[in-house]
């Protein structure tokens, strides 16, 4: 019996993932007869019927289910091995792409990166600033080695280092509202007022609706500093990260309107990277450095 091939296992996994031979063939850029032959040969070589072809849609047999579970583990280990080999072969990177999200306190994050890259004069830092879903999209599409943002911590494709928590507070300028500020202000009461929101920098990811009051007019801006200035000028209201407006709140230039109904929020900022991507020696050293300095970032925020 000939040994099974990697191509056969990839075809097998593609059919399971895509749900049909035709869709799997298109994904692998192969003709359907070529893919079907590879799977028939695989079944012959392992001595098992992996697919039940009696129905309208192909499905796995019980043996196929068990075989696919082991196949997925094997393919995942193979990808990890390839990534490890790529990381070993690439040498010290000439450049790294880091994305800072819109909620990050810039002095702390930029200080962290400056201290590290001062010791890496041969590596150029490409620094990007993105908002809302922009950092996630950059990371997902391989356009960032690392992001400093909040992430879905349940996502198994990511690994992350906790950095700090950021409070997000709804605020207005004095005299902006035509009624007194209390803890009982509702979203409906704010519907007649312009809401300032950050423009999502993601190009393809579906836009999230964060803190938006349904039916209210909104003005969009590209960054938090512009948003702060609009709110200070009484041109709208909005949710701001507390670290950007601490002095404004203390000196009365902005007033918090959070309460029972407008609760604000909290974002857990992390350093995150793709678990399944190759990481060169500089990227690995940066990751280790951030892990060592994480408590310092939290203390100075």
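The values are calculated or read from the model by the stated rules, or taken from the named source; none is laboratory data. Computed from a prediction, not measured in an experiment: that's the story for all the values here. Cβ coordinates were reconstructed from backbone atoms using ideal geometry, including for glycine residues, and neighbour counts include every protein chain displayed.
Numbers for the structure displayed
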| item | result |
| --- | --- |
| Filter pass, residue 221 being buried (at least 18 other Cβ atoms within 10 Å of the Cβ), without any contact (Cβ under 8 Å) to a residue 40 or more places away in the chain and either touching a helix residue (DSSP H, G or I) at 6+ places or on another chain (Cβ under 6 Å) or under 30 Å from residue 291 (Cβ atoms) (or both) | yes |
| Segment 97-129 - residue that is in contact with a strand residue (DSSP E or B) (Cβ under 9 Å, 6 or more places away or on another chain) and in a loop (DSSP other than H, G, I, E, B) and, of those, surrounded by the fewest Cβ atoms within 10 Å (Cβ to Cβ) | 120 |
| Residues being surrounded by 14 or more Cβ atoms within 10 Å (Cβ to Cβ) and either assigned to a strand (DSSP E or B) or modelled with pLDDT of 90 or more (or both) - total across segment 85-96 | 1 |
| Matching option when the condition is farther than 28 Å from residue 136 by Cα and touching a helix residue (DSSP H, G or I) at 6+ places or on another chain (Cβ under 7 Å), among 277, 256 | 256 |
| Qualifying residue in segment 177-188 (condition: touching a residue at least 40 places away in the same chain (Cβ under 8 Å) and either outside any loop (DSSP other than H, G, I, E, B) or in contact with a helix residue (DSSP H, G or I) (Cβ under 8 Å, 6 or more places away or on another chain) (or both)) | no |
| The listed residue being farther than 30 Å from residue 274 by Cα and out of contact with any strand residue (DSSP E or B) (no Cβ under 8 Å at 6 or more places or on another chain), out of 79, 72, 53, 29 | 53 |
| Selected residue (criterion: farthest from residue 59 (Cα to Cα)) from residues of segment 16-46 that are under 28 Å from the mean Cα position of the chain (by Cα) and crowded, with 17+ Cβ neighbours inside 10 Å | 28 |
| Residue check, residue 254 modelled with pLDDT of 95 or more, touching a strand residue (DSSP E or B) at 6+ places or on another chain (Cβ under 9 Å) and surrounded by fewer than 16 Cβ atoms within 10 Å (Cβ to Cβ) | no |
| Sole residue being assigned by TED's automatic domain parsing to the domain that holds residue 137 and surrounded by 17 or more Cβ atoms within 10 Å (Cβ to Cβ), chosen from 291, 283, 277, 216 | 283 |
| Options 160, 176: the member that is under 21 Å from residue 264 (Cβ atoms) and surrounded by 15 or more Cβ atoms within 10 Å (Cβ to Cβ) | 176 |
| Helices (runs of 4 or more DSSP H) wholly inside segment 1-79 that include at least 3 residues being out of contact with any helix residue (DSSP H, G or I) (no Cβ under 6 Å at 6 or more places or on another chain) | 6-18, 32-46 |
| Filter result for the condition that a residue is outside the structural domain of residue 252 (by TED's automatic domain parsing), crowded, with 21+ Cβ neighbours inside 10 Å and in a strand (DSSP E or B), over 132, 147 | 147 |
